[in-house]
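The values are calculated or read from the model by the stated rules, or taken from the named source; none is laboratory data. These figures come from a predicted structure and were not determined experimentally. All Cβ positions, even for glycine, are placed from backbone atoms using ideal geometry, and neighbour counts span all protein chains on display. Only protein heavy atoms, including side chains, enter the accessible area calculation; ligands, DNA and RNA are left aside. Shrake-Rupley method; radii C 1.70, N 1.55, O 1.52, S 1.80 Å.
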Amino acid sequence: MTTSDHSGMTLLDFVRYEQRLTGTKIGCREGDCAACTVLVGELKNNTIEYLSITSCISPLGNAHGKHIVTVEGTNLKNKLTTAQEAMKANYATQCGFCTPGFVVSLTGFALSNSEKNYSNALDAISGNICRCTGYKAIEKAVHQVVEKLEHQENQSFNWLIENGFIPEYFKDIPKRLKALKAKDINQPKGKYVSGGTDLYVQQADNLIDSAVHLIAEKDYLKGISIENGICTIGTNSTVSDLWNHTELNAILPNLKKHLKLVSSEQIRNMASFGGNLVNASPIGDMTIFFLALNSDITIINEDNKERTIALKDFYKGYKTYDLKDQELLKNISFKLPTKASYFNFEKVCKRTHLDIASVNSAIHISIENNIISEAHVSIGGVAAIPKYLHKTSTFLKGKPLTSETILEANDILQHEISPISDVRGSSDYKRLLGRQLFFAHFTELFPKTFTLNDFVQHA
Ligand SMILES: Cc1cc2nc3c(=O)[nH]c(=O)nc-3n(C[C@H](O)[C@H](O)[C@H](O)COP(=O)(O)OP(=O)(O)OC[C@H]3O[C@@H](n4cnc5c(N)ncnc54)[C@H](O)[C@@H]3O)c2cc1C
Ligand code: FES
Ligand code: FES
């Protein structure tokens, strides 16, 4: 279909108010409840990949050339789908407001490439909130869906159709998308929008009417490559792109565990690294991640001129950074951890999932003969900017890996940070968290050498 609607309006408003598909619900309009979940299908190398997103914070223009599936689009003619039936059979719906969101997320899980186990199915609904059921009945419904999927090695469209997960018409979608000659949409000068997950929370009303320049589909901002020990990540890559990257998961074995702490699956599917870095939140998780990897960023201007700077030099003050008007972040690059180096990320927030950090921290440390040959430590939530700890990192270099070194480094860390009291905790609490997360890096990375008591007793 085509539309002349403004590309900055939200996909949710288009679906409900223009298409009158009211199964997609409006809850928070901030990406926090997933009542508005839809699937986005995109052709990639001749196959179609479906991802779940929260439509309330996604610009309509990002749907260009894609297959958008609302809950109505999952319906079968004369019976419930497998996901709908599982919700019904397990009494997983009460007022029903959240139910379409859960059904769409579970259908997205069935369509996804992820291994079909219970834990991954829970990830798929990690953004969906229900006020009524207490979740136990929903968990049972999830089990029922997983039972149907888990022993089937290849869930082709045909198999999913035969087993009532999706309607018949899905078979034709790849052909229909291939045939679609999507014209470029008019891209006026205006606010750059990638996934929209920050912007549409902060200023949705402005964006709906004003000029937006959608960058999510710009090819030169996409892709993850690894060459000669250097990883380069296009800034349009999303947290899910990193999550699904086989080679990086092998190099960073705890990658998924770390990324699970970042928002929800729906948000991870949209959240770009460019957006995370330029949002400049002092607690941006991916910013803290890339700071500890001692990353460089490449910036490109309108004349295609590029410049590269260290990420740690990018931030100048609260929400201010070294980026001129009409400049874009192009990519992020960093030296990959080696066999002699270790990476860790820690985050504390009021609830484990779908919450922003009170304090977060990351470390990349190299050890040779029990001597720290290189160290990069970053911390968020304790200063006006996402902070690379220059002095702490320099101090660690060349020191033996002992509890004395770590205790001394913590004293330096405490002088480098300047937390303020706010809704996420008092300044003293954040100092304590800064200390505990710093110690946690070492107990996580070297569990045979250190316990938390080694540090806490002497701190
Ligand atoms: C429910 C919810 C939960 C969240 N949870 C977390 C969390 O746990 N951890 C976390 O860190 N964040 C979280 N976020 C914040 C957000 O998802 C991330 O910061 C995300 O990475 C932003 O990316 P985006 O593509 O959506 O940015 P957008 O909203 O599209 O853009 C954000 C800013 O970056 C600019 N921009 C984007 N790309 C570029 C580029 N290439 N060059 C120059 N400027 C650019 C835009 O102009 C804008 O100013 C959450 C958000 C929501 C709604
Ligand atoms: S309405 Fe709550 S996430 Fe969209
Ligand atoms: S059934 Fe009421 S919100 Fe989930």
Find all pairs meeting these conditions: Cβ atoms under 9 angstrom apart; at least six residues apart or on different chains; first residue within the stretch 15-26 and under 13 Å from Thr99 (Cα atoms); second residue open to solvent by 70 Å² or more (accessible area, probe 1.4 Å) and not polar (S, T, N, Q). Lys25/Phe97
Matching residues in the stretch 10-42 (surrounded by 20 or more Cβ atoms within 10 Å (Cβ to Cβ) and either among the polar types (S, T, N, Q) or at pLDDT below 95 (or both)) number 3
Could we say that Ala204 is small (Gly, Ala, Ser), in a helix (DSSP H, G or I) and either over 30 Å from Pro59 (Cβ atoms) or away from ligand 1 (no atom under 16 Å from the Cβ) (or both) here? no
Only one of Arg424, Arg435, Arg431 that is farther than 29 Å from Ala340 by Cα, at pLDDT 95 or above and of a type in the set (D, E, K, R): Arg431
Of all residues making up the stretch 95-138, the number that are outside any loop (DSSP other than H, G, I, E, B) and either under 19 Å from Leu80 (Cβ atoms) or within 16 Å of ligand 2 (Cβ to nearest atom) (or both): 17
Within the stretch 308-319, does at least one residue satisfy the condition of being loosely packed, with under 15 Cβ neighbours inside 10 Å and under 24 Å from Arg268 (Cα atoms)? yes
Suppose we keep only residues that are surrounded by fewer than 19 Cβ atoms within 10 Å (Cβ to Cβ) and away from ligand 3 (no atom under 16 Å from the Cβ) within the stretch 74-104. Which one would you say is nearest to His6 (Cα to Cα)? Asn75
Could you identify the single residue in Ala250, Ala216 that is over 21 Å from Glu346 (Cβ atoms) and either outside any helix (DSSP H, G or I) or open to solvent by less than 40 Å² (accessible area, probe 1.4 Å) (or both)? Ala216
List every residue pair whose Cβ atoms lie under 9 Å apart, where the two residues are 6 or more positions apart in sequence or sit on different chains, the first residue falls within the stretch 368-379 and is surrounded by fewer than 17 Cβ atoms within 10 Å (Cβ to Cβ), and the second residue, located anywhere, is assigned to a strand (DSSP E or B). Asn370/Pro400; Ile371/Pro400; Ser373/Ser341; Ser373/Ile365; Ser373/Ser366; Ser373/Ile367
Across the stretch 38-86, what is the number of residues that are within 16 Å of ligand 1 (Cβ to nearest atom), β-branched (Val, Ile, Thr) and either assigned to a helix (DSSP H, G or I) or touching a Phe, Trp or Tyr at 6+ places or on another chain (Cβ under 8 Å) (or both)? 2
Which condition from (1) open to solvent by less than 70 Å² (accessible area, probe 1.4 Å); (2) under 17 Å from Ser378 (Cα atoms); (3) free of Cβ contacts under 8 Å to residues at least 40 places away in the same chain is the one that Thr298 breaks? (2)
Mind listing whichever residues of the stretch 8-37 are more than 12 Å from ligand 1 (Cβ to nearest atom), part of a loop (DSSP other than H, G, I, E, B) and touching a helix residue (DSSP H, G or I) at 6+ places or on another chain (Cβ under 7 Å)? Met9, Leu21, Thr22, Gly23, Thr24, Lys25, Ile26, Ala35
Going through the stretch 411-434 one residue at a time, which ones are crowded, with 19+ Cβ neighbours inside 10 Å and farther than 18 Å from Ile385 by Cα? none
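Among the residues of the stretch 144-165, are any within 26 Å of Glu30 (Cβ to Cβ) and more than 16 Å from ligand 2 (Cβ to nearest atom)? Steps first, answer last, please.
The initial filter retains those residues of the stretch 144-165 that are within 26 Å of Glu30 (Cβ to Cβ), namely none.
Among the residues of the stretch 144-165, not one is within 26 Å of Glu30 (Cβ to Cβ) and more than 16 Å from ligand 2 (Cβ to nearest atom), which makes the answer no.
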